[in-house]
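All remarks here apply to the structure that follows.
The values are calculated or read from the model by the stated rules, or taken from the named source; none is laboratory data. Predicted model only: the values in this text are computed from it and were never measured. Glycine gets a Cβ as well: all are built from the backbone with ideal geometry, and neighbour counts include every protein chain shown. To get the accessible areas, we keep the full protein, side chains included, count just its heavy atoms, and leave off ligands, DNA and RNA. Shrake-Rupley method; radii C 1.70, N 1.55, O 1.52, S 1.80 Å.
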Amino acid sequence: MPVAESERHTSPLQVTPHAPPRLSHLRLLEAESIHILREVASEFERPVMLYSIGKDSSVMLRLAQKAFYPAPIPFPLLHVDTGFKFAEMIAFRDEMARSIGAELLVWRNESAIAAGTNPIALDTKRCCGLLKTQALLDALRHYNFDAAFGGARRDEEKSRAKERIYSFRDSAGQWDPKNQRPELWNLYNARVHPGESIRVFPLSNWTEMDVWQYIHEEKIPVVDLYFAKERPMYVRGEALLPIEQAFVARLGEKPQMVKSRLRSLGCSPCTGAIRSDAETIPAIIAELISFRSSERANRVIDHDQEGSMEMKKREGYF
Amino acid sequence: MSALTTPAFSIDDFLQNEREKDLLRFSTAGSVDDGKSTLIGRLLYDTQSVYEDQVRSIEGKGTTAPGQIDFALLTDGLRAEREQGITIDVAYRYFSTARRKFIIADTPGHEQYTRNMATGASTADAAVVLIDASKGVLIQSRRHAYIASLLRVKHVLVAVNKMDLIGYDEAAFRAIKADFSSVLDQIAVDTGSPVERIFVPVSALAGDNIVHRSDVMPWYTGPSLLELLESLPPSIDTRTAPFRFPVQRVLRPDHKFRGFAGQIASGTIRPGDTITVLPSGRSAKVGRIVTWDGDLAEAIAPLSVTLVLDRELDISRGDLIVSTDRPATVAKNAKAALVWMDQRPLELHRRYLLKHTSQTAPVFLTSIEHRTDPATLAHSPASTLHMNDIGAVTLNFLRPIALDQYNENRSIGAFILVDAESNSTVAAGMITAVSSLTAAGVPILADTWGPVTAGEREARWGHRGAVVEISGPLPLIDAIERSLFAIGAVTNRIGANDDAFLLHPTLLEIVTTLQVQSGVLALVVNANDSENLVVRADGQDLTLDAGNVDDVDDASGTSGAGRAVSAVHKLLHSTGIFISSEKAGL
């Protein structure tokens, strides 16, 4: 592109034709994430990878395989199971862990689940607080993990945009956005006192599009719920609610078969589906290009009130 | 994302095009009101990188007229920020065009947040510096440009914003451009890093020259800000730089395989290449470059790979694998530029932890050469550095460390300091000079591959170049010259009244300028029978009574001449000409 001569200074910006071999954005993101995974595995005593079964976790898991190849992944996977995950997710999780030979830990807040905790009996905020945040903190404390990988990305939500790659948490697991450690270059401060921990986000710089492209390029298996097919749904205006949990139904409400898919995988009562014909990953990517709403728009939890993700993170959520 | 509207959209073509996209990281910073958030919001909105629900969630809020979108709200993430109308921390934004993916490190411009600007600049290939056209060049823009230059951000794009408020006036734009260009030139002299800059007149509010070229400024024929960002060369190409590979982890899945995992910091590696492991200095050949996707015939920075060597060497995490013919310097001492980032100020001779590549090692800061005001570029002597201060310091490592200078290798020349008690990240640093060790363990100066730099001369001689004017009795002048010579200063004595200078009045200035540039102390002497000795350096004067040079002070046992010499050393230290009191012989 021509740069007007008059606007040039010191040395002209030579716009050289991109000479091969140039690394694509996916190779650059992959190299950065692998560097992070290796740093954490080498600097912490007891790291763990939070495995949520979703597309981001699937990418993170593949990156972990790559980071330590030909050695096995040197830390366990932890799934915080709220009891409201889709049956297909649980089956996929167990098969994935088995096929790659990873150690899988599952943690449930059994007392809250036994007490009948659900997002309708309580509100979503308190339900998440007990089944996700509390369960996660209990699990980290139980196993004495000092670092936990999460698949969160900065492009997901505004408060996540301010997260560090190494997110320091105090002994109660809480995030203090005003008091974060500066993070420069690729030099991460891994020092914590006993009881404190670091949440690590190796996919910080990936976007939703990057994740899908990488899954496509690398042929990474993902849960079938991401692909469109005829599924029974409660239809409420624009919203499609999976029928997985009986308590979701309103009095007299009957499910309808709708060609639909899930754009992100959460708990079934709080994760809406979207109408879609996308049966393949390229079709999902094409759909993404045409989308005019962000992927978390179908998550009830982010919208309860302004800044609700930020508040959950302060309390210890990922 | 208008791809879908074209009739011939093909997902396969799209994916092929995506595969070829690269990545550019840039930082932004600005003062509270110069429209930075609006500019970023505009970039995101006009490249269709914002979703409708995000736009809906801010519609009708903010400070703009009804029906308009306050673009700033797209980027102000945290409740505390929205409540206070400020930006409190570095936020990262992502957008993409048909040509390239972008990561923005969006940093606030408050005075106390120098550390955030440095954080954003540390990974940036380019910096967008904002100037409010209605206000001209403010301190904040100078500070951002300085930090970008200090952290070796290659390109500075100067967005002269709010052109709508000054009637899109070309003359005003030209004046700001001239003004800020001279600021950038001064910055380049101070940091030793040339700043490549391009100026663009924009209005973020109206969208002029942000994404689309605007027709309201026909006098500006250059590209829009986004077009510039799309056309900058991608990340600094380090393929031809010396090979550097910090070992992150030794992979030993079984007794047959032993590989060294790391990310290539610079250069290119192939099987058969000879490498050396630092600091031990042992060499081997690369046998295999192992990845999950198969062995590679060649790997370039910044790929993450695993190297297998042709023989057993004792290598562990923190070691640096380098090309044998172009190694890094192994040192126990180095000089560095520091950005202090902690509430608790710097303490000399306190033990800090240095985090450098994949190693953590104890370090002492042994002296502070000066503190630099990033807005005025003034250097001042300092005994500590406070939060957001920038300074030049000397480091002493307890064990030898392999280093490059930051201006030669960003990855191997960068470090952070961690407080060993609080675990806070207290400073970010950039190596400016390295004293290497010989085989016998004796420190010598770095044999870098470029010309000898001013910093290297300073490190060896203990002072920078300066003119020192001395007038007074000859014996005192002789004593001063000899005393400076005795402590290793490089001096050149010039008689101010020599015939050559009397015949050619400008010659003296030419000669002294050259000597100062070479790091020499130019002693311009004027021997006379005056009662006073007058010494002038860097605009500071010292006048001493020269009548009692032989008197011995009973208390200190020093002669008048001794006291005069000592006063001169102190003057040359307090003006920052000597880099430390030790080097000044004090």
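Evaluate the following for B:ALA188: is it among the hydrophobic types (A, V, I, L, M, F, W, C) and more than 19 Å from the chain's Cα centre (by Cα)? It would help to see each step written out before you state the result.
Working: among the hydrophobic types (A, V, I, L, M, F, W, C): yes; more than 19 Å from the chain's Cα centre (by Cα): no.
When the stated conditions are applied, B:ALA188 does not pass them.
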Against the definition (modelled with pLDDT of 65 or more, assigned to a loop (DSSP other than H, G, I, E, B), within 32 Å of the chain's Cα centre (by Cα) and small (Gly, Ala, Ser)), how does B:SER37 come out, yes or no? no
Selected residue (only one of A:GLU253, A:GLU217, A:GLU196, A:GLU238 is touching a Phe, Trp or Tyr at 6+ places or on another chain (Cβ under 6 Å), open to solvent by 10 Å² or more (accessible area, probe 1.4 Å) and not polar (S, T, N, Q)): A:GLU253
Looking only at region A:35-61, count every residue that is more than 22 Å from A:LEU262 (Cβ to Cβ) and either touching a Pro at 6+ places or on another chain (Cβ under 7 Å) or within 10 Å of another protein chain (Cβ to nearest Cβ) (or both) and tell me the total. 10
Could you list, in sequence order, the residues of region A:271-287 that are away from chain B (no Cβ under 14 Å) and open to solvent by 20 Å² or more (accessible area, probe 1.4 Å)? A:ARG275
Does A:ILE284 satisfy the condition of being in the same structural domain as A:VAL235 (by TED's automatic domain parsing), at pLDDT below 85, of a type outside the set (Gly, Ala, Ser) and part of a helix (DSSP H, G or I)? no
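Hey, can you tell me all the residues within region A:54-94 that are charged (D, E, K, R) and open to solvent by 50 Å² or more (accessible area, probe 1.4 Å)? Spell out the reasoning first.
Step one: list which residues in region A:54-94 are charged (D, E, K, R), which gives A:55-56, A:62, A:66, A:81, A:85, A:88, A:93-94.
Within region A:54-94, A:GLU88, A:ASP94 meet the criteria.
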Per-region count, region B:320-334, residues buried (at least 23 other Cβ atoms within 10 Å of the Cβ) and of a type outside the set (A, V, I, L, M): 1
Return a yes/no flag: does region B:311-322 have any residue that is outside the structural domain of B:VAL90 (by TED's automatic domain parsing), basic (Lys, Arg), touching a residue at least 40 places away in the same chain (Cβ under 8 Å) and farther than 30 Å from B:ARG252 by Cβ. no
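Name the residue, out of A:ALA152, A:ALA147, A:ALA114, A:ALA97, that is closer than 24 Å to A:ILE243 by Cβ and either small (Gly, Ala, Ser) or loosely packed, with under 15 Cβ neighbours inside 10 Å (or both).
Values: A:ALA152 fails: closer than 24 Å to A:ILE243 by Cβ; A:ALA147 fails: closer than 24 Å to A:ILE243 by Cβ; A:ALA97 fails: closer than 24 Å to A:ILE243 by Cβ.
It is A:ALA114.
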Does any residue of region A:62-80 turn out to be at pLDDT 95 or above, more than 15 Å from the chain's Cα centre (by Cα) and away from chain B (no Cβ under 14 Å)? yes
Among (1) crowded, with 17+ Cβ neighbours inside 10 Å; (2) at pLDDT 90 or above; (3) over 29 Å from B:ALA334 (Cα atoms), the one test that B:LEU474 misses: (1)
Looking only at residues in region B:343-361 that are within 13 Å of chain A (Cβ to nearest Cβ) and open to solvent by 30 Å² or more (accessible area, probe 1.4 Å), which one is modelled with the lowest pLDDT? B:GLN343
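Do any strands (runs of 3 or more DSSP E) lying entirely in region B:177-271 carry at least 1 residues that are of a type in the set (Lys, Arg) and open to solvent by 40 Å² or more (accessible area, probe 1.4 Å), and which ones are they? Working first, answer last.
Values: elements: B:196-201, B:244-246, B:249-251, B:259-263.
Because the criterion is at least 1 residues that are of a type in the set (Lys, Arg) and open to solvent by 40 Å² or more (accessible area, probe 1.4 Å), the strands (runs of 3 or more DSSP E) in region B:177-271 that meet it are B:249-251.
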Anything in region B:484-531 that is touching a strand residue (DSSP E or B) at 6+ places or on another chain (Cβ under 7 Å), within 24 Å of B:GLY585 (Cα to Cα) and not in a helix (DSSP H, G or I)? List them, or say none. B:ALA489, B:VAL490, B:THR491, B:ASN492, B:ARG493, B:ILE494, B:VAL520, B:LEU521, B:ALA522, B:LEU523, B:VAL524, B:VAL525
Selection from region A:168-195 of residues that are more than 7 Å from chain B (Cβ to nearest Cβ), of a type in the set (A, V, I, L, M, F, W, C) and within 23 Å of B:LEU354 (Cα to Cα): A:PHE168, A:ALA190
Residue ID - nearest to B:PHE245 (Cα to Cα), chosen from residues in region B:277-316 that are in contact with an Asp or Glu (Cβ under 9 Å, 6 or more places away or on another chain) and hydroxyl-bearing (Ser, Thr, Tyr): B:SER304
Can B:THR394 be described as at pLDDT below 95, out of contact with any His (no Cβ under 8 Å at 6 or more places or on another chain), among the hydroxyl-bearing types (Ser, Thr, Tyr) and crowded, with 21+ Cβ neighbours inside 10 Å? yes
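Give region A:65-96 a look and list any residue that's in a helix (DSSP H, G or I) and without any contact (Cβ under 8 Å) to a residue 40 or more places away in the chain, or say none. Spell out the reasoning first.
As a first pass, look at region A:65-96 and keep what is in a helix (DSSP H, G or I): A:65-68, A:87-96.
Residues satisfying the conditions are A:GLN65, A:LYS66, A:ALA67, A:PHE68, A:ILE90, A:ALA91, A:ASP94, A:GLU95.
Just to be sure, is B:VAL202 more than 30 Å from B:ASP325 (Cβ to Cβ) and in contact with a helix residue (DSSP H, G or I) (Cβ under 9 Å, 6 or more places away or on another chain)? Break it down stepwise before answering.
Details: more than 30 Å from B:ASP325 (Cβ to Cβ): yes; in contact with a helix residue (DSSP H, G or I) (Cβ under 9 Å, 6 or more places away or on another chain): yes.
For B:VAL202, the condition - more than 30 Å from B:ASP325 (Cβ to Cβ) and in contact with a helix residue (DSSP H, G or I) (Cβ under 9 Å, 6 or more places away or on another chain) - is met.
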Being within 14 Å of chain A (Cβ to nearest Cβ) and over 29 Å from the mean Cα position of the chain (by Cα) is true for just one of B:PHE245, B:PHE260. Which residue is that? B:PHE260
Can you report the number of residues in region B:272-293 which are at the interface with another protein chain (Cβ under 10 Å from one of its Cβ atoms) and part of a loop (DSSP other than H, G, I, E, B)? 3
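Are any residues in region B:419-431 in a loop (DSSP other than H, G, I, E, B) and open to solvent by less than 10 Å² (accessible area, probe 1.4 Å), and if so, which ones?
First pass over region B:419-431, keeping only residues in a loop (DSSP other than H, G, I, E, B): B:420-424.
Selection gives B:ASN423 alone.
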Checked against (1) under 28 Å from B:TYR94 (Cα atoms); (2) charged (D, E, K, R); (3) away from every other protein chain (no Cβ under 12 Å), A:GLU32 satisfies every condition except (3)
Can you name the residue in region A:1-26 that is within 7 Å of chain B (Cβ to nearest Cβ) and in a helix (DSSP H, G or I) and is also modelled with the highest pLDDT among such residues? A:HIS25
